[in-house]
Amino acid sequence: MSIVPIITKITQQKRSNERYNIFLDGTYAFSVDEEVLARNQLSKNKELTDFDIGEIQYEDEIRKGFNKALVYLSYRMRSEYEIVLHLREHEMGDACIEEIMHKLRQYGYVNDEDYAKAFVNTQLRTSDKGPRHMGNGLKEKGVAPQITEAILEQIRVEEWQERAEQVIEKVIKKNPKQSKMQIKKKGEDTLSRKGYSGSVVSNVLANLTIERDKDEQWLAIYSQAKKAHTKYSKKYEGYEYKQRMKQTLFRKGFGMEEIDRAIDQLEEEE
């Protein structure tokens, strides 16, 4: 008949007053959280079978993981996927993680729907990104597609359109030396990169008007003509030079009258 070990001493840890060292038959055996100690009524002279010890250590592992998750959540909201990854980094087993996540949901500490709402609202306040970009961000956080779709569908198309128009306005301001055609192309690329839908991009560009006075328009054509001149004047001259210049500037969206004026100006400066 095997002898069942007996708790001979329980001491509080010096570095953590919420953890206790358990000694069996005069030898240190394991440590437990204060809550685990109380729940299992661990006290001196109590007998513990190997099964008891295994159950207590498993319960303590869950408690430690739960506390780690709470600390991780104390900095900001997290998705379930983020917490699972965090616990795996601390070498928690899958069974423990499943129990920890169940407790976190039970106490309302994690909720991917609330997380997705907060994530989207933050993006709306602090960035100029579109729905596809936000959706990709939530996908990286492990949020289920149906949750992401439901949250993004609550935002009116008109709001995405307004945000896209603000992006285009920034593009216009940053590119005073480019033609209207170039700005439209750059605006289209920018909106697509920021995650706006094709329909929103098309509507914004279809209604886009770029207001410029004569001086601003001249700055644009002259700047582009000077770039082309630097490229072609070293290789071509006469008729061929002018044709290359006209073709390049025309493709950029400038009219022939302003192109001729710019070429004449550059020739006078030579």
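The values are calculated or read from the model by the stated rules, or taken from the named source; none is laboratory data. What you see is a predicted model; the values in this text were computed from it and never measured. Every residue, glycine among them, receives a Cβ derived from its backbone with ideal geometry; neighbour counts consider all protein chains shown. What goes into the accessible areas is simple: the full protein's heavy atoms, side chains included, and nothing from ligands, DNA or RNA. Shrake-Rupley method; radii C 1.70, N 1.55, O 1.52, S 1.80 Å.
Would segment 49-58 turn up any residue that is open to solvent by 20 Å² or more (accessible area, probe 1.4 Å), out of contact with any strand residue (DSSP E or B) (no Cβ under 8 Å at 6 or more places or on another chain) and not in a helix (DSSP H, G or I)?
Yes, segment 49-58 has at least one match.
Out of segment 227-270, which residues are among the hydroxyl-bearing types (Ser, Thr, Tyr), in a helix (DSSP H, G or I) and surrounded by 14 or more Cβ atoms within 10 Å (Cβ to Cβ)? Outline the logic, then answer.
Within segment 227-270, the subset among the hydroxyl-bearing types (Ser, Thr, Tyr) is 230, 232-233, 236, 239, 241, 248.
In the following step, the residues that additionally are in a helix (DSSP H, G or I) were identified as 230, 232, 239, 241, 248.
Result: TYR232, TYR241, THR248.
Among the numbered conditions (1) in contact with a Phe, Trp or Tyr (Cβ under 7 Å, 6 or more places away or on another chain); (2) at negative phi; (3) not in a helix (DSSP H, G or I), tell me where MET92 comes up short.
Condition (1) is where MET92 drops out.
Please enumerate the residues belonging to segment 126-149 that are under 27 Å from VAL171 (Cα atoms), among the polar types (S, T, N, Q) and either open to solvent by 40 Å² or more (accessible area, probe 1.4 Å) or at pLDDT below 95 (or both).
THR126, ASN136, listed by residue number.
Can you work out which of the residues in segment 203-221 that are under 13 Å from GLN178 (Cβ atoms) and part of a loop (DSSP other than H, G, I, E, B) is least open to solvent (accessible area, probe 1.4 Å)? Steps first, answer last, please.
Filtering segment 203-221 for residues under 13 Å from GLN178 (Cβ atoms) gives 210, 212, 216-217, 219-221.
When the remaining residues are screened for being part of a loop (DSSP other than H, G, I, E, B), the result is 210, 212.
Numbers: ILE210: 19, ARG212: 53 Å².
Top of the filtered list is ILE210.
Between LEU48, LEU87, LEU104, which is more than 30 Å from ILE147 (Cα to Cα) and among the aliphatic types (A, V, I, L, M)?
LEU48
Okay, residues lined up against (1) open to solvent by less than 60 Å² (accessible area, probe 1.4 Å); (2) of a type outside the set (Phe, Trp, Tyr); (3) more than 37 Å from the chain's Cα centre (by Cα):
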{"residue": "ILE22", "(1), (2), (3)": "yes, yes, yes"}
{"residue": "ALA38", "(1), (2), (3)": "no, yes, yes"}
{"residue": "TYR75", "(1), (2), (3)": "no, no, no"}
{"residue": "ARG78", "(1), (2), (3)": "yes, yes, no"}
{"residue": "LEU85", "(1), (2), (3)": "no, yes, no"}
{"residue": "HIS90", "(1), (2), (3)": "no, yes, no"}
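Within segment 246-269, is even one residue among the β-branched types (Val, Ile, Thr), touching a residue at least 12 places away in the same chain (Cβ under 8 Å) and out of contact with any Phe, Trp or Tyr (no Cβ under 8 Å at 6 or more places or on another chain)?
So in segment 246-269, the residues among the β-branched types (Val, Ile, Thr) come out as 248, 259, 263.
Still in the running and touching a residue at least 12 places away in the same chain (Cβ under 8 Å): 248, 259, 263.
Remaining after also requiring out of contact with any Phe, Trp or Tyr (no Cβ under 8 Å at 6 or more places or on another chain): 263.
For segment 246-269, residues among the β-branched types (Val, Ile, Thr), touching a residue at least 12 places away in the same chain (Cβ under 8 Å) and out of contact with any Phe, Trp or Tyr (no Cβ under 8 Å at 6 or more places or on another chain): present.
Count, please, the residues in segment 137-155 that happen to be in contact with a Gly (Cβ under 7 Å, 6 or more places away or on another chain) and under 29 Å from PHE66 (Cα atoms).
Count: 1.
If I filter segment 162-181 down to residues being under 23 Å from the mean Cα position of the chain (by Cα), surrounded by fewer than 17 Cβ atoms within 10 Å (Cβ to Cβ) and not acidic (Asp, Glu), which single residue comes out as nearest to LYS139 (Cα to Cα)?
The qualifying residue nearest to LYS139 (Cα to Cα) is GLN166.
Hey, among GLN123, GLN154, GLN224, which residue is under 30 Å from GLU80 (Cα atoms) and crowded, with 18+ Cβ neighbours inside 10 Å?
GLN123
One residue is enough: does segment 4-11 have a residue meeting the conditions more than 30 Å from THR148 (Cβ to Cβ), in contact with a helix residue (DSSP H, G or I) (Cβ under 6 Å, 6 or more places away or on another chain) and assigned to a loop (DSSP other than H, G, I, E, B)?
no
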